[in-house]
1. Residues of segment 24-60 being assigned to a loop (DSSP other than H, G, I, E, B), under 18 Å from PRO7 (Cα atoms) and open to solvent by 40 Å² or more (accessible area, probe 1.4 Å), which ones?
2. Mind checking which pairs have a first residue in segment 57-69 that is without any contact (Cβ under 8 Å) to a residue 60 or more places away in the chain and a second that is exposed (fewer than 13 other Cβ atoms within 10 Å of the Cβ) and part of a helix (DSSP H, G or I), Cβ under 8 Å, 6 or more apart or different chains?
3. Anything in segment 1-11 that is open to solvent by 70 Å² or more (accessible area, probe 1.4 Å) and in contact with a strand residue (DSSP E or B) (Cβ under 8 Å, 6 or more places away or on another chain)? List them, or say none.
4. Among residues belonging to segment 12-23 that are of a type in the set (Lys, Arg) and not in a strand (DSSP E or B), point out the one that is least open to solvent (accessible area, probe 1.4 Å).
Amino acid sequence: MEKSIIPKNLKDKIFEIKYNPDKTISKITSYFPLSELEQKEINSTLNYVVIFHSIFTDRISDDEWERTKDQIKKKFNDELFEIDKTP
């Protein structure tokens, strides 16, 4: 399975996808929790159930996500890479 099978409107919200040995998706990690409807949409597209996790626990609206996603992704990646630089 490829990330491209995930509905286009949800791809941007996903940080990481983990795969099983048979190349099916085992876990999807999003930046913020996906709504129940979004999870159902993914599971329906895949025709099987996957585990969902999120990096942050806050829930944000789609409008807020669209408005701040670039900042959120940049800040997260910058902070993640800074972890490696600490002595």
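The values are calculated or read from the model by the stated rules, or taken from the named source; none is laboratory data. This is a predicted model, so every value here is computed, not measured. So basically every Cβ, Gly included, is an ideal-geometry build from the backbone, and we count neighbours across all protein chains shown. We work out accessible area using only protein heavy atoms, side chains counted, and drop any ligands, DNA or RNA first. Shrake-Rupley method; radii C 1.70, N 1.55, O 1.52, S 1.80 Å.
1. Correct list: SER35, ASN47, TYR48, VAL49.
2. Partner pairs satisfying both residue conditions: ILE60/THR68.
3. MET1, LYS3
4. LYS13
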